[in-house]
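Data first, discussion second: the structure below is written as structure tokens.
The values are calculated or read from the model by the stated rules, or taken from the named source; none is laboratory data. Keep in mind the model is a prediction, meaning the values are calculated, not measured. Every residue, glycine among them, receives a Cβ derived from its backbone with ideal geometry; neighbour counts consider all protein chains shown. With ligands, DNA and RNA removed, areas are computed over all heavy atoms of the protein, side chains included. Shrake-Rupley method; radii C 1.70, N 1.55, O 1.52, S 1.80 Å.
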Amino acid sequence: MKVDGKHFRSIWRERDGWSVGAIDQRRLPHEFVIAKLTSCEDAAVAIRDMLVRGAPLIGATAAYGMALAMREDASDAGLKRAYETLVVARPTAINLKWALDEMRAALAPIDPVERAEAAYARADEIVEQDVEINRGIAGNGLKLIEAIAAKKPGEVVNVLTHCNAGWLATVDWGTATAPIYLAHERGIKVHVWVDETRPRNQGASLTAWELGHHGVPHTVIPDNTGGHLMQHGMVDLAIVGTDRVAANGDVCNKIGTYLKALAAHDNGVPFYVALPSPTIDFAVHDGIRDIPIEQRSGLEVTDMTGRTADGRFETVRIVPEGSPVANYAFDVTPARLVTGLITERGVLKPDRASLADAFPERIAAAAE
Ligand SMILES: CSC[C@H]1O[C@H](OP(=O)(O)O)[C@H](O)[C@@H]1O
């Protein structure tokens, strides 16, 4: 999307035809730094250390990681090693395995001599497919915003979102933010309550940065504020992203999403989840029971890094030395708390039948 009028994507193949450019999201919002990935290991580390993050972008990065690997070693052993290196980079977003399975299916049957070129071609397809899917999500989600706007003519539609499911979490457009960007571009008055999203603050650092540079009105709020806003009629709907949707419609997303869904349910606020179909995992039948929840370093909780008034970066500790810390990166919202799933093929009920009807190919993939 736009950064001060200039169009950007979050990842791209460089002009040299083989290296990969990506925005280093750890440096935002204060610095806009482009990283260059030149090996499979670079891609794996970029995913693990969250230089890139967000389920669809993790998948796109892994796809290019496989292409970089094929430049290094296109043998069957090299293909196996690349898959195994990348698939463990982070455990929760199913898009990582989905992209790697797509790449392996394209590369395994062909002559190793042809694999590098074929890998870049397939990775490019995955990247363009993400953009196309997100445009579809934008159009389907827009209808929800338009319906609310029609009921309150001339007034602002207030949307709450959690974490960053914006264009920085995908190749472009985002998922939860896609309908918001489209509504804004269509002249609908929209305002976004942006959950800061502790401990990594993807909302405060990434979503606010995105929306600000695209000119979308927004307000950053502490994570614990959403319930209060919903109680006082200040949220018309919530739209969040997801890292994995189980066959029963349970939704895995950034830690804290479940609490927002509970508050929305208690206050009659529609709670939508936006997702591209690769995020559906029919191999998982019960999200709460079966989806692996990543636990990250406690340092993400004990420490905070920011920029001082005079432009220096400092990291400070906010938790007493010796206090144990738990850092669960995701939680699972049961389908009963989800109003609808905004996909590229429409807004679906969060249940197996609706998902299977809309995306039969995802059932086939899970059976493989
Ligand atoms: C469109 S997927 C975005 C999804 O990914 C984020 O997690 P992370 O920043 O740890 O990769 C978060 O769960 C977002 O909703």
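Here are the numbers for the structure shown:
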quantity	calculated
Accessible area of the chain divided out per residue, in Å², using a probe of 1.4 angstrom	41
Low-density loop positions, GluC sites (Glu not before Pro), the stretch 263-337 - DSSP coil, at most 13 other Cβ in 10 Å	Glu321
Candidates Pro270, Pro278, Pro56, ranked by Gaussian network fluctuation over the chain, Cα under 10 Å, top entry	Pro270
Selected from Ile110, Ile239, Ile148 as most flexible by GNM, with the chain as the system and alpha-carbon contacts under 10 Å	Ile110
Nonlocal Lys pairs with alpha-carbon distance under 26 Å, the chain (8 or more apart, or different chains)	26
Carbon plus sulfur fraction of accessible area for the chain, probe 1.4 Å, in percent	52
Given 15 as the ceiling on other Cβ atoms within 10 Å, longest exposed-site-free region of the chain for chymotrypsin sites (Phe, Trp or Tyr not before Pro) in DSSP loops	33-368
Candidates per GluC sites (Glu not before Pro) in the stretch 122-164, loop by DSSP, up to 14 other Cβ within 10 Å	Glu155
Sum of side-chain charges, Ala149 neighbourhood, beta-carbon under 13 Å (Lys, Arg +1; Asp, Glu -1)	+2
FRET efficiency estimate (nearest 0.05) - Cβ-Cβ, Leu262 to Glu31, R0 35 angstrom	0.45
Two-site FRET efficiency, Glu155 against Arg81, from Cβ-Cβ distance with R₀ of 51 Å, rounded to 0.05	0.35
Cut-off 18 Å, label 7 Å out along Cα→Cβ of Asp4, residues of the stretch 297-315 by amide N	311
Point-charge dipole on Cβ atoms (K/R +1, D/E -1) for the stretch 2-129, about Cα centre, debye to 20	480
DSSP-assigned coil residues among GluC sites (Glu not before Pro) in the stretch 13-106, each with at most 11 further Cβ atoms within 10 Å	Glu31
